[in-house]
Amino acid sequence: MISNQVLQNTLEGLKEISRNEFCVIDTDGKILASTSEMNISQMDVQAFVNSQAESQLVKGCQYFKVCDDYQLEYILAVHGDDEDTYMVGKLAAFQIQNLIVAYKERFDKDSFIKNLLLDNLLLVDIYNRAKKLHIDADVRRVVMILETQQEKDYNSIESVKNLFGGKGKDFITAVDERSIIIVKALEGEEGYEEMEKLANEILDTLDFGREADTHIAYGTIVHELKEVSRSYKEARMALDVGKIFFGEKDVIAYSSLGIGRLIYQLPIPLCKMFIKEIFDNKSPDDFDEETLITIDKFFENSLNVSETSRQLYIHRNTLVYRLDKLQKSTGLDLRVFEDAITFKIALMVVRYMKYMETLEY
């Protein structure tokens, strides 16, 4: 239950305080963590495991049993045979026993939060289990998802937990190999502005990098525990929609997805029908790079011909010529607001269809 790294860190701390050498062994005699090379015999360990004794002096080492609900979990060995060593060993065994309890409770909470996020709990179970685990039900919360292309490991999750300082109302967990999920409890008047700052702080402080494949998304703020799964689904959608339409953004809020959220929920057959109506048998991919750059810059400048031509370093008449050429091939005049909106939506639909195609392979 407890990682070997945590056991090792605990033994190192105990050694620094007591000047004693420690070793933790599993019930099969395998050494899990140790502060030095100790003469541990697997035969001696097995004999102690099978004995009724709670502690025993064996070949210059004090052996102690560490149990979880009366079930033997570990054997603690301390080098030395005097009374002081025995007392230190008892204290160390007690410390490891408390670690087991703490990690077991944290595991129970982690399991509860995962099932809550994935909608695997009945409403009555949510509040009954929350009460037993001492989790407040009426707290404002928001779900954040940190996703990278690198598979997460134990240390990355612990780094996120350390950033939050072990606050009891915040939960950090994972439901797949590439995402770290943060269920953040809000204090006072904290809102979306604070969540945006926090998301950027997570990326900067933890040095996950500002790469194109690293994103953090968050859903809407909910007021009850039962609504946490909705915020999680929103954050998950924000990640997907962000990859399609806002690839340049590291932080994506569900509340800022705009029309991209609507397009994301369209069935593919309907999208294909729409594109065929707009472009006939053509596709925006058929346009040359110069035309695509012109279109993007024209939209960036709110259909302003003069400003677009200035930024493209071309004459105004050249831009007008390109727009006229585009109108002849598509039947849409981007200088007309209604046509511009239709064309913009069509481009977004094509981008969405491409993304969905990549998921099929």
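The values are calculated or read from the model by the stated rules, or taken from the named source; none is laboratory data. Remember, predicted model here, so these are calculated numbers, not experimental data. Cβ sites come from the backbone with ideal geometry, for glycine too, and all protein chains shown count toward neighbours. In case anyone asks, the SASA skips ligands and DNA or RNA and just uses the protein heavy atoms, side chains included. Shrake-Rupley method; radii C 1.70, N 1.55, O 1.52, S 1.80 Å.
Scanning the range 204-227 for residues that are modelled with pLDDT under 90 and more than 15 Å from Ala253 (Cα to Cα) turns up Asp204, Thr205, Leu206, Asp207, Phe208, Gly209, Arg210, Glu211, Ala212, Asp213.
Among the residues of the range 209-245, those identified as of a type in the set (Lys, Arg) and either closer than 19 Å to Leu186 by Cα or not in a helix (DSSP H, G or I) (or both) are Arg210, Lys226, Arg230, Lys233. Taken together, the residues in the range 86-119 that are modelled with pLDDT of 90 or more and closer than 30 Å to Val222 by Cβ amount to 8. For the residues Thr220, Thr214, the requirement of being in contact with a Leu (Cβ under 8 Å, 6 or more places away or on another chain), β-branched (Val, Ile, Thr) and touching a residue at least 24 places away in the same chain (Cβ under 8 Å) singles out Thr214. Against the definition (in a helix (DSSP H, G or I) and touching a helix residue (DSSP H, G or I) at 6+ places or on another chain (Cβ under 6 Å)), how does Leu347 come out, yes or no? Judged against the criteria, Leu347 is a match. Those residues that are open to solvent by 40 Å² or more (accessible area, probe 1.4 Å) and out of contact with any helix residue (DSSP H, G or I) (no Cβ under 9 Å at 6 or more places or on another chain), I need them from the range 80-89; list them, please. Across the range 80-89, the qualifying residues are Asp81, Asp82, Glu83, Tyr86, Met87. Which one of these does Met348 not meet: (1) under 30 Å from Ala217 (Cβ atoms); (2) open to solvent by 70 Å² or more (accessible area, probe 1.4 Å)? Failed condition: (2).
Are any residues in the range 1-21 modelled with pLDDT of 90 or more and under 36 Å from the mean Cα position of the chain (by Cα), and if so, which ones?
Correct list: Leu7, Gln8, Asn9, Thr10, Leu11, Glu12, Gly13, Leu14, Lys15, Glu16.
Within the range 182-208, residues that are part of a loop (DSSP other than H, G, I, E, B) sit with their Cβ atoms under 7 Å from residues that are open to solvent by 40 Å² or more (accessible area, probe 1.4 Å), at 6+ positions apart or across chains, in these pairs: Leu186/Arg140; Leu206/Ser159; Leu206/Leu163.
Leu146 meets the conditions (1) buried (at least 16 other Cβ atoms within 10 Å of the Cβ); (2) not in a strand (DSSP E or B) in every case but one. The failed one is (2). Here the range 117-134 is the region considered, the condition is being aliphatic (A, V, I, L, M) and without any contact (Cβ under 8 Å) to a residue 12 or more places away in the chain, and the residue that is surrounded by the most Cβ atoms within 10 Å (Cβ to Cβ) is Leu121.
Pairs meeting the criteria (first residue in the range 28-39 and free of Cβ contacts under 8 Å to residues at least 60 places away in the same chain, second residue among the basic types (Lys, Arg), beta carbons under 8 Å, at least 6 apart or on different chains) are Thr35/Lys15; Asn39/Lys59. Summed over the range 43-79, the residues that are surrounded by 14 or more Cβ atoms within 10 Å (Cβ to Cβ) and within 20 Å of Ser3 (Cβ to Cβ) give a count of 7.
Per the listing Ala137, Ala92, the residue uniquely open to solvent by less than 10 Å² (accessible area, probe 1.4 Å) and touching a residue at least 40 places away in the same chain (Cβ under 8 Å) is Ala92. Scanning the range 104-116 for residues that are surrounded by 16 or more Cβ atoms within 10 Å (Cβ to Cβ) and of a type outside the set (Lys, Arg), we see that the one that is farthest from Val66 (Cα to Cα) is Leu116. Can you find a residue in the range 185-195 that is in contact with a strand residue (DSSP E or B) (Cβ under 6 Å, 6 or more places away or on another chain), small (Gly, Ala, Ser) and surrounded by 21 or more Cβ atoms within 10 Å (Cβ to Cβ)? No - not one qualifying residue is present in the range 185-195.
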